[in-house]
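Heads up, the thing below is written out as structure tokens.
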Amino acid sequence: MDFIQFERNEAAAREIEHHYGRAPRLFLHSYGCQQNVNDGEKIRGVLQDIGFVSCSSPEDADLVVFNTCAIREHAEDRVFGNIGALKPIKEQNPGLMIAVCGCMTQQETIVEKFRKSYPYVDIVLGTNAIDEFPQKILEKLGRKKRILTSPVERTDIVEGMPVARGCTFRAWLPIMYGCDNFCSYCIVPYVRGRERSRRSADILAEFKSLIDQGYKDITLLGQNVNSYGKGLDEGLDFSDLLAMLDKVEGDYRIRFMTSHPKDATHKLIDTIAASHHICHHLHLPVQSGSDEVLRRMNRNYTAEKYLDLIRYAKEKIPDLTFSSDIIVGFPDETEEQFEQTLELVRTVRYAQLFTFIYSKRTGTRAAEMPDHVTHKEKTDRMARLLAVQDEITQEIYSAYAGKCVRVLVEGPGREDGVMTGRLDNNMVVEFPCTDASLTGMFELVDVLDAKGAVLKGNLV
Ligand code: SAH
Ligand code: SF4
Ligand code: F3S
């Protein structure tokens, strides 16, 4: 695999200055997962690098960038809706440049749709072409034609792109890109390409620089972090990487996502247990509690194997919290299979659950599977799952009443006069406070009670 070092596009920077005669304004919005949010930070970084400044609405912008997500139909619909809303803005401001990138644009059918039905979209660019963004803008300024790039697969990794981070204390740090797992329902392997790991030295350098800049909460990202290292000849697995980063001195936390259960090991749990900085929280998406459904999802583990790992983790790290993703209504999921999911949820007792109704993704294997479950049955199952989880959440959270917890203050809460903080185990606590200068600091909070998935307390 090739590693490429990013270089500033001087020609683009000159042309931008010449064309606008002032700093042009960028409105950028990222949809989807943290990987995509981090990509958005890089897009902003490379565009700032050639002279763009950020603005907060498409009406004020010279360039609008939508960094899209394709994970479910609803996600794509939302993007099409928001792009549609740009049409009158472009009519008002014909100089406005509109660019669409991210996971949606890695599908040829979607690029075709932009070509045919969205003539006011100027640039379409894939997930793996962030470093080429300045060049595309340069080309677009030079000729009036639209630049709609067809999806291409790239096998290299670009290092050293500028990252305009959206937060001053919490950071995303990708350790790998792509996915090779081909879960039968999932579009990600098609739109993000093959799995590629960054070199550990590059990860460590970025990690240290984040700590030096004062970041307190760093999340290592990958679609399946447990397969980190494959394809590199470093002989380092994900647990080794964690242990290496954990040695860096400082007062900070390490998180990671996502762990695929098929590759999560006892070594990983032991590494968390022995570490100083790794959070006592494990996001381990199970998707279903039925072995038959898991088999058809191509997940490569059984409910029993999953529960074994959970048991081991609970034994080793008693205060570890778990979270998970679950898909409800996978093609032809039976009532009995759904009940096995409920049973597993009751056994594990997740602190937090992300639940999704199955969404058919063209090109995936599950899209070819017959499905006789009605939408009504799916939404009923979803409601039942949420009811089971709500009860568990309430019990887990209520048990924190009376505890004093260390939190990283994240900023203002939903109501006036309230701020929120995050515990090591990913739970969120709200407390009365108006001192914005505490944002990004570790503080102690006495927990009084819980309301749903939020603890309530007072600053010590
Ligand atoms: N790589 C991560 C998941 C990334 S996608 C992992 O393997 O855990 C995040 C979640 O979206 C998935 O865990 C799954 O629960 C959900 N998801 C993915 N494809 C979906 C689909 N077609 N319909 C509904 N939910 C889906
Ligand atoms: Fe999708 Fe499965 Fe890859 Fe996760 S591991 S991104 S669910 S294919
Ligand atoms: Fe969406 Fe792409 Fe992430 S499809 S969930 S933005 S990898």
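A residue that is within 16 Å of ligand 2 (Cβ to nearest atom) and among the charged types (D, E, K, R) can be found somewhere in segment 27-46.
Whether any residue in segment 259-275 is within 16 Å of ligand 3 (Cβ to nearest atom), closer than 17 Å to residue 181 by Cα, in contact with a His (Cβ under 9 Å, 6 or more places away or on another chain) and not hydroxyl-bearing (Ser, Thr, Tyr) is what I want to check. No, the conditions are met nowhere in segment 259-275. The conditions of being within 16 Å of ligand 3 (Cβ to nearest atom) and in a helix (DSSP H, G or I) are met by residue 79. Within segment 275-285, identify whether any single residue is away from ligand 2 (no atom under 16 Å from the Cβ) and open to solvent by 50 Å² or more (accessible area, probe 1.4 Å), and answer yes or no. The answer is yes, given that some residue of segment 275-285 is away from ligand 2 (no atom under 16 Å from the Cβ) and open to solvent by 50 Å² or more (accessible area, probe 1.4 Å). Among the residues of segment 402-430, those that are of a type in the set (Lys, Arg) and outside any strand (DSSP E or B) comprise 403, 414. Within segment 71-82, the set of residues being in contact with a strand residue (DSSP E or B) (Cβ under 8 Å, 6 or more places away or on another chain) and buried (at least 20 other Cβ atoms within 10 Å of the Cβ) comprises 76, 79.
Per the conditions (1) open to solvent by 20 Å² or more (accessible area, probe 1.4 Å); (2) in contact (Cβ under 8 Å) with a residue 60 or more places away in the chain; (3) not small (Gly, Ala, Ser), the sole criterion not satisfied by residue 191 is (1). The set of residues in segment 363-372 that are more than 8 Å from ligand 1 (Cβ to nearest atom), of a type outside the set (A, V, I, L, M, F, W, C) and surrounded by 12 or more Cβ atoms within 10 Å (Cβ to Cβ) comprises 363, 365, 371.
Reported count of residues in segment 198-248, each being touching a Leu at 6+ places or on another chain (Cβ under 7 Å), of a type in the set (A, V, I, L, M) and either within 16 Å of ligand 2 (Cβ to nearest atom) or open to solvent by 10 Å² or more (accessible area, probe 1.4 Å) (or both), is 4.
Listed by first and then second residue, the pairs with beta-carbon distance under 8 Å, at least 6 apart or on different chains, first residue in segment 210-226 and under 23 Å from residue 410 (Cβ atoms) and within 16 Å of ligand 3 (Cβ to nearest atom), second in a strand (DSSP E or B) and small (Gly, Ala, Ser), are 219/171. For segment 414-460, filtered to residues that are touching a Cys at 6+ places or on another chain (Cβ under 8 Å) and free of Cβ contacts under 8 Å to residues at least 40 places away in the same chain, the residue that is farthest from residue 214 (Cα to Cα) is 417. Of all residues in segment 40-63, none satisfies being buried (at least 17 other Cβ atoms within 10 Å of the Cβ), within 16 Å of ligand 3 (Cβ to nearest atom) and part of a strand (DSSP E or B). Taking the stated definitions as given, is residue 105 open to solvent by 10 Å² or more (accessible area, probe 1.4 Å) and within 18 Å of the chain's Cα centre (by Cα)? No; evaluated as a whole, the condition is false for this residue. Pairing each residue of segment 49-72 that is outside the structural domain of residue 86 (by TED's automatic domain parsing) with any residue that is among the hydroxyl-bearing types (Ser, Thr, Tyr), provided the two are 6+ apart or on different chains, yields no C-beta distance under 6 Å.
The values are calculated or read from the model by the stated rules, or taken from the named source; none is laboratory data. Source: prediction; values computed, not measured. With ideal geometry, Cβ positions are generated from the backbone for all residues, glycine too; neighbour counts draw on all protein chains shown. The accessibility values were calculated without ligands, DNA or RNA, using every heavy atom of the protein model including side chains. Shrake-Rupley method; radii C 1.70, N 1.55, O 1.52, S 1.80 Å.
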